[in-house]
1. Name the single residue, out of those in region 281-338 being in the same structural domain as Ser38 (by TED's automatic domain parsing) and basic (Lys, Arg), that is farthest from Gln110 (Cα to Cα).
2. Among (1) more than 13 Å from ligand 1 (Cβ to nearest atom); (2) buried (at least 23 other Cβ atoms within 10 Å of the Cβ), which single condition is Leu39 missing?
3. Among what's in region 323-332 and is over 24 Å from the mean Cα position of the chain (by Cα) and within 13 Å of ligand 1 (Cβ to nearest atom), pick the residue that is nearest to Pro301 (Cα to Cα).
4. Go through Val345, Val353 for me and flag whichever is surrounded by 22 or more Cβ atoms within 10 Å (Cβ to Cβ) and within 16 Å of ligand 1 (Cβ to nearest atom).
5. If you take the residues of region 159-177 that are touching a helix residue (DSSP H, G or I) at 6+ places or on another chain (Cβ under 6 Å) and touching a residue at least 12 places away in the same chain (Cβ under 8 Å), which of them is nearest to Glu229 (Cα to Cα)?
6. Need the failing condition index for Ala76 against (1) among the hydrophobic types (A, V, I, L, M, F, W, C); (2) farther than 15 Å from Thr7 by Cβ; (3) touching a helix residue (DSSP H, G or I) at 6+ places or on another chain (Cβ under 8 Å), just the number.
7. Would you point out the residue of region 26-36, among those that are surrounded by fewer than 21 Cβ atoms within 10 Å (Cβ to Cβ) and touching a residue at least 60 places away in the same chain (Cβ under 8 Å), that is nearest to ligand 2 (Cβ to nearest atom)?
8. Which numbered condition trips up Glu224, out of (1) crowded, with 16+ Cβ neighbours inside 10 Å; (2) more than 20 Å from Trp135 (Cβ to Cβ)?
Amino acid sequence: MTLAQLTVTNLRCIEHAELEVPSGLALIWGGNGSGKTSLLEAIFLLGRGRSFRTRNTERLIRRGQDHLRVVGRVQALSGASTVLGLELAGQGVTARVGGRAAGSLAELSQVFPVQAIEPGIHRLVEEGGYSRRRWMDWAAFHVEPQFVDTWVRYTRALKQRNAALKSDPARASVWDGELARLGEIIAESRDRFVKHLEPYWREAVAALSGLPVELHYLRGWGQEHTLQEALLAARARDEARHLTHPGPHRADVAMRLFGRPAREVLSRGQQKLVAVAMVLAQLRFLQATTGATPTLLLDDPAAELDGEHLERFIAQVSQLKSQLVVTSLHAESPLFGSPARSFHVEHGRVQPV
Ligand SMILES: Nc1ncnc2c1ncn2[C@@H]1O[C@H](COP(=O)(O)OP(=O)(O)OP(=O)(O)O)[C@@H](O)[C@H]1O
Ligand SMILES: [Mg+2]
């Protein structure tokens, strides 16, 4: 799938923009604050239902407006195309896929797989498990489409159990069976993903950073218990804190290097390289297992990389042969060769050049 056409309304400084996106390399260039990252956010939003810059999607709505809208047409290799759209008004998000209301935002992801490498990507290494769980789940979702449904049902049961822990603790355990059953399925899917990723990971992290960073999957409760047993054992603590402790909502991928947590050892630039390796390994793995070639958004890709590491990065990205949308401060950006199309952005206005 590649993005062929994009329409953006009321997203940050962009009042309205329409673009024909080439299937190869597109360059978005303009000065600071012109709207380049906002345009990438629009594309990301179309495939993910959220931004890569903030968890508060409503902040993307243009100041003084009450809604934003992104519509795109994606095209399969066969030439068949699908229109998808996302509208955000106040706190509510609605998505449409092929003229129908989508059941969940995850449907967008299935039709338009997109990944971003942007200046905040080092957070994948530096911060808590939240972003690493999303990273695992995006891949698990593409490889095992039923994963989303399991995840949606697990999340619903978890919310209900937590609500019961607050209002009527004695009733909370009625959710344990459902939670334990779905939670084990999620943990197994993620376990499979991390195992299958391993060879792609070793290759990508060595090629990009030359560092022997190891990934260890942690499923969110102790290895020696089933989730049902862990829920039972945690009940007193859960009741005291009104919160479910064990479960895949607490999963993580521990990253270690020289016997210590990677985030304590790595420099900022190294964190970026390692995080980029996580994304590239995942894209390679997806290509190999599903044949899909997700669109890759590169925001200010040279930031924080020295000459040698930038070259390694370029070589790795070029091998993917994905649709690329790259931002630059300058009209000439030789990193990935000559673009099929360039767009100049100024005060939120987007012009093909
Ligand atoms: N909700 C909003 N409504 C209107 N404008 C906004 C909103 N949020 C951010 N902006 C403005 O949008 C502009 C574009 O920001 P963006 O991050 O896309 O710029 P950029 O071209 O990527 O810049 P840089 O080269 O510095 O990364 C900024 O001037 C910012 O102040
Ligand atoms: Mg920017």
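The values are calculated or read from the model by the stated rules, or taken from the named source; none is laboratory data. Since this is a predicted model, take the numbers as computed values, not measurements. A quick note on method: Cβ atoms are made from the backbone with ideal geometry, for glycine too, and the neighbour counts reach across all protein chains shown.
1. Within region 281-338, the match that is farthest from Gln110 (Cα to Cα) is Arg312.
2. (1)
3. Going residue by residue through region 323-332, those that are over 24 Å from the mean Cα position of the chain (by Cα) are 329-332.
Add one more test, that the residue is within 13 Å of ligand 1 (Cβ to nearest atom), and what stays is 329-330.
Working: Leu329: 11, His330: 13 Å.
If we take residues in region 323-332 being over 24 Å from the mean Cα position of the chain (by Cα) and within 13 Å of ligand 1 (Cβ to nearest atom), then Leu329 is nearest to Pro301 (Cα to Cα).
4. On the way: Val353 fails: surrounded by 22 or more Cβ atoms within 10 Å (Cβ to Cβ).
Residue meeting the stated conditions: Val345.
5. The first filter runs over region 159-177 and keeps only residues touching a helix residue (DSSP H, G or I) at 6+ places or on another chain (Cβ under 6 Å), leaving 160-161, 164-165, 169, 171-172, 175-176.
Restricting the remaining residues to those that are touching a residue at least 12 places away in the same chain (Cβ under 8 Å) gives 160-161, 165, 169, 172, 175-176.
On the way: Gln160: 19, Arg161: 16, Leu165: 18, Pro169: 18, Ala172: 15, Trp175: 13, Asp176: 10 Å.
The extreme case among them is Asp176.
6. That leaves (3) as the condition not met.
7. To start, the set of residues in region 26-36 that are surrounded by fewer than 21 Cβ atoms within 10 Å (Cβ to Cβ) comprises 31-33.
The next check asks that each one be touching a residue at least 60 places away in the same chain (Cβ under 8 Å); those that pass are 31-32.
On the way: Gly31: 10, Asn32: 7 Å.
Filtering first and then ranking leaves Asn32.
8. (1)
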